[in-house]
1. Of the residues Gly83, Gly73, Gly99, which is in a helix (DSSP H, G or I), exposed (fewer than 15 other Cβ atoms within 10 Å of the Cβ) and in contact with a Lys or Arg (Cβ under 8 Å, 6 or more places away or on another chain)?
2. Do you know which of the residues in the stretch 25-56 that are charged (D, E, K, R) and under 15 Å from Ser81 (Cβ atoms) is most open to solvent (accessible area, probe 1.4 Å)?
3. Against the definition (under 19 Å from Leu146 (Cα atoms), touching a residue at least 24 places away in the same chain (Cβ under 8 Å) and among the polar types (S, T, N, Q)), how does Ser87 come out, yes or no?
4. Does Ala112 satisfy being modelled with pLDDT of 75 or more and part of a helix (DSSP H, G or I)?
5. Can you find a residue in the stretch 2-24 that is open to solvent by less than 60 Å² (accessible area, probe 1.4 Å), among the charged types (D, E, K, R) and closer than 22 Å to Cys127 by Cα?
6. Inside the stretch 164-174, can you point out the residues that are touching a residue at least 24 places away in the same chain (Cβ under 8 Å) and open to solvent by 10 Å² or more (accessible area, probe 1.4 Å)?
Amino acid sequence: MKKIIQTLSPDGITMLLNSLYDATNNDANKPAVKKEAIRLLYFFCATHNESAASHLTKIIAHIVKRLKDSDSGVKDACRESIGQISSLYLRGEGSENIGPVVSLFVKPLFEALNHQNKGVQAGSAMCMAKMVEMASDPPISAFQKLCARICKYLNNPNFLAKAALLQVVSSLSQSIINTTDALNALALHSSNLIIRKNRFYHKCP
């Protein structure tokens, strides 16, 4: 399949992507098939970087959809692919188009965070952490805007995957290490979360 992708003509892009989308979405497929299809979506982006850019919204959306999969290997493939695609397209703080590109990643990931399934929430948090971690030239201003939204989830008593979300806090802290206000906000909310957890465990018999 990689050889097909490498020699793919522009006319064949839509057909190829549709076949990969079908492979990821078909619940009858074995986890190995879904994992390979997810990885090939990244390989397509890496091989046809400019051509893939116009399909990025759909590619990311299909990867994020697989976070509902019960197989941990499929979720790991989603996380790694999101990170690798981030390394291809999240380049350059000075680029005027970087904000909208960040939105292509975070919009479906935040939608997944709103899912009432803890596994989906945790998978989304892991993907977001990997996205931030793997950004080639971190778009600091765009990442700063994520801090307030992350803090809301940390403060939400109905959010189930707070431990996983702390990985996003860690990745953001490394990425925006020199932006004191954003870091202070994240540190405050993370500390409050840890304090609340400790109080809970102390109350337990």
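1. Working: Gly83 fails: exposed (fewer than 15 other Cβ atoms within 10 Å of the Cβ); Gly99 fails: in contact with a Lys or Arg (Cβ under 8 Å, 6 or more places away or on another chain).
Sole residue among the options that is in a helix (DSSP H, G or I), exposed (fewer than 15 other Cβ atoms within 10 Å of the Cβ) and in contact with a Lys or Arg (Cβ under 8 Å, 6 or more places away or on another chain): Gly73.
2. That would be Arg39.
3. Numbers: under 19 Å from Leu146 (Cα atoms): yes; touching a residue at least 24 places away in the same chain (Cβ under 8 Å): yes; among the polar types (S, T, N, Q): yes.
Yes; evaluated as a whole, the condition is true for this residue.
4. Values: modelled with pLDDT of 75 or more: yes; part of a helix (DSSP H, G or I): yes.
Yes: the conditions hold for Ala112.
5. The answer is no, given that none of the residues of the stretch 2-24 is open to solvent by less than 60 Å² (accessible area, probe 1.4 Å), among the charged types (D, E, K, R) and closer than 22 Å to Cys127 by Cα.
6. The answer is Ala164, Leu166, Gln167, Ser170, Ser171, Gln174.
The values are calculated or read from the model by the stated rules, or taken from the named source; none is laboratory data. All values derive from a computational prediction rather than experimental measurement. Cβ sites come from the backbone with ideal geometry, for glycine too, and all protein chains shown count toward neighbours. Please note that ligands, DNA and RNA were not included when accessible areas were found on the heavy atoms of the full protein model with its side chains. Shrake-Rupley method; radii C 1.70, N 1.55, O 1.52, S 1.80 Å.
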